[in-house]
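These notes concern the structure reproduced below.
The values are calculated or read from the model by the stated rules, or taken from the named source; none is laboratory data. These numbers come from a predicted model, not from an experiment. We place every Cβ from the backbone using ideal geometry, glycine too, and count neighbours over all the protein chains shown. To get the accessible areas, we keep the full protein, side chains included, count just its heavy atoms, and leave off ligands, DNA and RNA. Shrake-Rupley method; radii C 1.70, N 1.55, O 1.52, S 1.80 Å.
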Amino acid sequence: MGLALTALLGLPPAEGAPAFNTLRIAREGAAPPSDFTYPDLAGKKTRLSDLKGKVVLLAFFATWCPLCNQEMPKLTRLHEKLKDRGFTVLAVSVDTAGVGLVKSWTEQKKLTYPILHDQSFASRRTHNVRFVPTLYLLDRSLNLAAWGVGRVDWEGGKAAALIERLLAAPSPAARRPAGPRTARAP
């Protein structure tokens, strides 16, 4: 991985080295990924920041990627299992082919989570996507909690425990700012 990802994750350069098929936990207080807007497969523009308040597994993928062909359907199970608790998978296709190919592929794979299309592959620069799949786990404030490149078991072990911890945290809207408290009369 490059220095841009290292900086994004708040890690020293040695810790930002490629770690394929490994869950990497971000340092506490790691900055959120840059906001973006891409069209969904129906052409509607969608912003990452629209998902604030949810735990988001942001997945960059390509239809031509053999590993994505295996991993993206697995994320459907995770999405379906946790969507009612404030979790979503948001997938971004980096295919340079037209939206028709991506739409056909997602229908064939029976993906049920939102799919966006980055046809110009701008995420290569904005989110340091060098390999697919590249996945970022974001907390309810959209801060980076963990990331992985390649195959990561999001339903087991450390990843599942982290997702559960993030889901248990209150959403940003539910948090009240600290302020003066008034005493109640007995």
Expected vector for region 23-33, Karplus 3J(HN,Hα) from phi with 6.51, -1.76, 1.60 and θ = phi - 60°, integer Hz, x for Gly and Pro, equals 6, 10, 8, 6, 5, 3, x, 4, 5, x, x
Contour excess over end-to-end distance, with Cα ends at T22 and L167 and 0.36 nm allotted per residue | 50.0 nm
Distance in nm between pseudo-label sites at S120 and D40 (7 Å out along the Cβ direction from Cα) = 2.2
Unsatisfied cross-links (Cα-Cα over 25 Å) in the set K110/K158; K81/K109; K52/K109; K44/K103; K45/K158 | K110/K158; K52/K109; K45/K158
Can you tell me the accessible area per residue over region 53-151, all protein chains present, probe 1.4 angstrom, in square angstrom?
-> 39
